[in-house]
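See structure below.
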Amino acid sequence: MPVPIKSTLGILGDNLRKRHSALPLGRRKVTAWTRGLGIPRGGKTVLYTGQMWQMVPAINAMSRQLAKYEHSRMGFLFGFARSMNKLVNLTPLLARTSAREREEYDRRLRNIARLLKAAGVEFGYLYENDLYAGGLAHDEGLDRGFVAHAERVSENLRRAGVERVITVDPHTTNMLRSVYPKVVPGFSIAVKSYLEVLAERDFARRRSVDRTATIHDSCVYARYEGVVDQPRKLLAGAGVRLSEPELSGTLTFCCGGPLETLFPGKSAEIATRRIEQLGSVNRQVVTACPLCLANLSRVAPPETEVRDISDYLAEAYCPTEAPA
């Protein structure tokens, strides 16, 4: 039997409508990464996470749960779970995460903030008002709920006086820059990925990374948002020598996401094919998307290391970790 798709989508849709996120996170989990960074609240230019990096551990946990039911006769339990979820948020139960895994993903957000500071970029953060951007809901086809949610996020940004947004992942970039203007009348906030912002800056590295890696291009960045040259420029500046896989740039191969929430087996199959392609070129793999990082890391053999681009850049441009 397949994963209980109707019940799973129902849980995500109910969460979006009732709790304003496909997988609702508590305020502390959303903002924990800012601890010790001293980022000012609000402003005309803000770093906007859209909760994507923070949500990936929950997506991973949900995928592990769903994988247990993909070929099980117990899938009917998700129908019961959906009924309960309408009354009580079951995300902490269905998508239970570990502090260690959350810290790993939060560290990438700290990397990004530290890189922007090192480049002399001034920005604020909305903290509890850094709302989920809706990428997972949009990708899974929850159109009606997504449009209402996009309008809510747009109004939140307007009330906060935000004019420019610096995003931290391809999915949030795509939502705010390409999708919101199509579904929210008058949405005109300027949106750039942090990779685009950093690539426009001339700032010196403090240490050479001095290693070779192969790059996995995010489908969303490369095909929809034109972010291809910027990560390569930044990695070269950090001292990383890139080995290009055959399928790269706009011809990149999928990492398996966002299938992991509905078809975890097929997602793993696709991710395995991609990690084999990348590993045949170099055992050091660099990604620029939290979902790509998660999906490829999940299937990578022990001899293949998958790291986010912010790990390499932070090592080169701001090697000292901010105090916790």
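Every residue in the range 130-157 that is closer than 19 Å to G42 by Cα and crowded, with 17+ Cβ neighbours inside 10 Å, please. Explain how you work it out, then say what you get.
Applying the first criterion (closer than 19 Å to G42 by Cα) to the range 130-157 yields 130-133, 152-157.
Of everything in the range 130-157, those that are closer than 19 Å to G42 by Cα and crowded, with 17+ Cβ neighbours inside 10 Å turn out to be D130, L131, Y132, A133, V153, S154, L157.
Only residues in the range 240-254 that are farther than 13 Å from Y221 by Cβ count as the first member; pair them with residues that are aromatic (F, W, Y), Cβ under 7 angstrom, at least 6 apart or cross-chain, and list the lot.
Close Cβ pairs (under 7 Å, with a partner that is aromatic (F, W, Y)) amount to V240/Y312; L247/F253.
When you look at L291, is it among the aliphatic types (A, V, I, L, M), buried (at least 24 other Cβ atoms within 10 Å of the Cβ) and in contact with a Pro (Cβ under 8 Å, 6 or more places away or on another chain), yes or no? Step through it out loud before you land on a result.
Working: among the aliphatic types (A, V, I, L, M): yes; buried (at least 24 other Cβ atoms within 10 Å of the Cβ): yes; in contact with a Pro (Cβ under 8 Å, 6 or more places away or on another chain): yes.
Yes; evaluated as a whole, the condition is true for this residue.
Determine which single condition G239 fails, assuming it passes every other condition in (1) modelled with pLDDT of 95 or more; (2) within 26 Å of D139 (Cβ to Cβ).
Looking at each condition in turn, G239 falls short on (2).
If you check G256, G265, which single one turns out to be part of a loop (DSSP other than H, G, I, E, B), among the small types (G, A, S) and in contact with an Asp or Glu (Cβ under 9 Å, 6 or more places away or on another chain)? Give the steps one after another, and end with the answer.
Values: G265 fails: part of a loop (DSSP other than H, G, I, E, B).
Exactly one of G256, G265 is part of a loop (DSSP other than H, G, I, E, B), among the small types (G, A, S) and in contact with an Asp or Glu (Cβ under 9 Å, 6 or more places away or on another chain), namely G256.
Go through (1) surrounded by fewer than 14 Cβ atoms within 10 Å (Cβ to Cβ); (2) under 18 Å from the mean Cα position of the chain (by Cα); (3) among the aliphatic types (A, V, I, L, M) and name the single condition L251 misses.
(2)
Of the conditions (1) out of contact with any Pro (no Cβ under 7 Å at 6 or more places or on another chain); (2) closer than 27 Å to T97 by Cα, F253 satisfies every one except a single condition; which number is it?
(2)
Could you list all residues from the range 285-319 that are within 17 Å of P170 (Cβ to Cβ) and part of a strand (DSSP E or B)?
Hits for the range 285-319 are V285, V286, T287, V306, R307, D308.
Report yes if A133 is in a helix (DSSP H, G or I) and outside the structural domain of D311 (by TED's automatic domain parsing), otherwise no. Lay out the reasoning, then the answer.
Values: in a helix (DSSP H, G or I): no; outside the structural domain of D311 (by TED's automatic domain parsing): yes.
The answer is no for A133.
Quick check on the range 166-193: of everything there that is farther than 13 Å from A150 by Cβ and polar (S, T, N, Q), which residue is surrounded by the most Cβ atoms within 10 Å (Cβ to Cβ)?
T173
Filter the range 94-117 for residues that are among the hydrophobic types (A, V, I, L, M, F, W, C) and either modelled with pLDDT under 95 or closer than 12 Å to K29 by Cα (or both) and give the result.
First, pick out the residues of the range 94-117 that are among the hydrophobic types (A, V, I, L, M, F, W, C): 94-95, 99, 109, 112-113, 115-116.
Hits for the range 94-117 are L94, A95, A99.
Determine whether V46 is farther than 22 Å from L291 by Cβ and crowded, with 24+ Cβ neighbours inside 10 Å.
Numbers: farther than 22 Å from L291 by Cβ: yes; crowded, with 24+ Cβ neighbours inside 10 Å: yes.
When the stated conditions are applied, V46 passes them.
Any idea which of K6, K68, K18 is part of a helix (DSSP H, G or I), surrounded by fewer than 17 Cβ atoms within 10 Å (Cβ to Cβ) and modelled with pLDDT under 70? If you could, list the steps in order and put the result at the bottom.
On the way: K6 fails: modelled with pLDDT under 70; K18 fails: modelled with pLDDT under 70.
None of the others qualify; the one that does is K68.
Would you call T252 at pLDDT below 95, at negative phi and β-branched (V, I, T)?
Answer is no for this residue.
The values are calculated or read from the model by the stated rules, or taken from the named source; none is laboratory data. Note that this is a predicted model, so its numbers are computed, not measured. We place every Cβ from the backbone using ideal geometry, glycine too, and count neighbours over all the protein chains shown.
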